[in-house]
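Have a look at the structure below, then the notes.
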Amino acid sequence: MKKRLLASLLAALFSVRAIADGLPDLGDSAQAELSPQMERQIGAAIVRQIRFGDARYLDDPEIEDYLARLGARMVAVSSTPSQQFQYFVFQDKSINAAATLGGVLYFHTGLFLAAQSESEFASVMAHEISHVQQRHMARMMAQQQNMGYMMLATLVMAVLAARAGGDAAGAAAMAGQAAASSLQLAYSRDYEREADRVGLQTLEAAGFDTRGMVDFFERLDRATRVFDSGAYAYLRSHPLTTERISDVANRVQQIPYRQVIDSVDFSMVKAKIESLEQVPEETLARFAGEPPQRVNAAAAHWYARARANLKLNKTAAARMDVDALHKLDLNSAMVDLLDGEVLIQAGQPAQAAKVLQLARQRFPQSRALVYAEVDALLAARKPGEAAALASERLRLDNTDDRLYSRLAKASAAQGKRLAQHRAQAEAYYLRGAIYSAIEQLSLGLRGRDGDYYERTAAEARLAEFQERRRDLERERRR
């Protein structure tokens with residue numbers, strides 16, 4: 001009965017075409033704590049819903065790269081440096097951030113804008129990372145009475161409530177609201193204090209200004225006491241008390257003072273997010289005249305101008321802005337990526353590919369640079385090179401649906417129908433669309449291209465997908 005309830009709830013939340021594997025089998029123990037593997041599997045389902053079911057999701061690999069760099073800096077010096085995290089951004093003016101199961105963290109654009117320094121922003125990230133590392137949500141779930149399939153499914157719905165449209169989402173939101181009420185998703189005061197303490201240690205070890213945590217908490221507290229129209233959503237899931245602020249302040253006083261300068265990337269990320277809230281003419285008016293003397297402020301000035309000019313298709317003006325950025329002698333993947341985008345829009349994709357290739361060698365962890373270089377090669381009518389780069393990166397990470405989609409385009413441009421449909425099938429599978437993945441492989445195998453080994457591999461993969469589909473359908477019928 002419990003498995004039938006879980007299957008029904010999952011169908012309401014994701015629909016059969018939107019989930020590949022479902023949630024993990026929890027076994028027979030109703031109150032057993034979630035294992036890290038279970039958390040990761042639930043986290044994968046949450047990621048799919050964030051990326052493909054939430055209209056607020058900001059699909060910006062460049063900002064995600066920044067968050068990954070910032071997070072890696074703190075995780076490396078934390079108590080569990082091998083912990084894996086994924087970072088996402090919601091285009092939402094409210095000040096909020098959250099950590100969900102499986103190391104999935106998301107941040108509202110309002111939080112970027114509210115943070116007056118990188119250390120302030122990093123303090124929120126350190127706090128959220130600590131919630132994951134201390135397994136607060138899993139521990140909170142294990143503490144609930146009668147925790148079983150039904151409660152787990154509704155908890156996941158509560159995490160994802162109101163993030164997708166349609167009837168299925170409405171059913172999910174209703175179940176999620178009930179779960180939120182019964183499980184009290186707001187962290188307990190003990191968990192909050194623990195995340196403050198561990199997060200502060202991580203913040204210091206990573207080289208940030210620990211006063212940033214105190215400054216940010218105090219400013220949020222003052223603002224909510226005067227007026228809260230819903231902009232400070234962070235405090236509803238992370239209840240802030242005078243005791244918490246005092247405890248953090250006392251700990252910070254025992255830490256030697258350290259002056260920390262914001263990274264130039266933080267300044268440019270903020271400028272990019274601010275430009276999302278403005279029409280390009282407003283951005284250009286705001287950043288008119290001579291730039292500030294400080295390097296970070298000057299970088300934000302030219303970066304925002306270049307982005308605005310690109311939106312207006314003023315590539316010559318954007319070129320001048322990028323040249324001014326280069327004169328600041330910055331070591332930033334964001335500047336090189338912007339340079340490549342300007343070249344592509346100016347009709348020079350081959351030159352853009354060269355710029356992006358050199359940048360990728362300097363910043364090998366940047367996914368945004370890889371995507372941009374593949375796009376530049378495709379625009380330069382070099383699909384073979386684009387496919388080779390995408391394939392090379394997929395050998396390192398075969399869970400990147402964005403790269404599979406680009407590989408599909410490159411294969412199509414080369415007339416390789418089977419390779420095109422195989423790549424698109426993998427992209428759909430990673431997005432949870434098992435039926436679409438099966439359809440793509442079936443289309444590819446109807447053609448006559450591809451050698452024996454390619455066709456054999458495609459047939460084997462199709463059999464795997466079909467078995468996954470049958471498992472899911474059997475589960476739904478129980």
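The values are calculated or read from the model by the stated rules, or taken from the named source; none is laboratory data. The model shown is predicted, which means the values in this text are computed figures rather than measured ones. Cβ sites come from the backbone with ideal geometry, for glycine too, and all protein chains shown count toward neighbours. Heads up: the accessible areas ignore ligands, DNA and RNA and are worked out on the full protein's heavy atoms, side chains in. Shrake-Rupley method; radii C 1.70, N 1.55, O 1.52, S 1.80 Å.
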Net charge of Cβ neighbours under 13 Å - reference R69; Lys, Arg +1; Asp, Glu -1: -3
Amide H contacts under 5 Å for F107, placed H, 5+ residues apart: F88, V89, F90
Gyration tensor (alpha-carbon) shape descriptor, region 376-438, a/c threshold 1.5: oblate
Ordering of 275-286, 126-137 by packing [mean C-beta count within 10 Å, highest first]: 126-137, 275-286
Segments 404-417, 366-379 sorted - mean Cβ within 10 Å per residue, highest first: 366-379, 404-417
Percent carbon-and-sulfur accessible area, region 330-478, ignoring ligands, DNA and RNA, probe 1.4 Å: 45 percent
L443 paired with V279, simple spin-label distance in nm, labels 7 Å along Cα-to-beta-carbon: 3.9 nm
Three-way shape label, region 270-372, alpha-carbon gyration tensor, a/c 1.5: prolate
Candidate lysines for bridging to K354, where Cα separation is under 19 Å - those fewer than 8 sequence places away on the same chain excluded: K382
Net length gained if the chain between E454 and Q83 were fully extended (0.36 nm per residue, minus Cα distance): 130.0 nm
Inter-site label distance for N313 and N250 at 7 Å from Cα along Cβ, in nm: 6.3 nm
Rounded accessible area per residue of region 348-415, 1.4 Å, Å²: 49 Å²
Gain in span if fully extended, L358 to R139, counting 0.36 nm per residue against the direct Cα distance: 74.2 nm
Mean Cβ count within 10 Å, highest first, over the residues of peptides 428-434, 118-124: 118-124, 428-434
Theoretical FRET efficiency, 1/(1+(r/R0)^6), r = Cβ-Cβ of R474 and Q37, R0 22 Å, to 0.05: 0.45
Under 25 Å from the Cα of K93 - lysines, other chains or at least 8 residues apart: K270, K272, K311
Accessible area per residue in Å² at 1.4 Å probe, computed on region 432-474: 59 Å²
Accessible solvent surface per residue of region 97-136, calculated while the other protein chains remain in place, 1.4 angstrom probe, Å²: 13 Å²
Surface share of carbon and sulfur [accessible, 1.4 angstrom probe, percent] for region 41-112: 50 percent
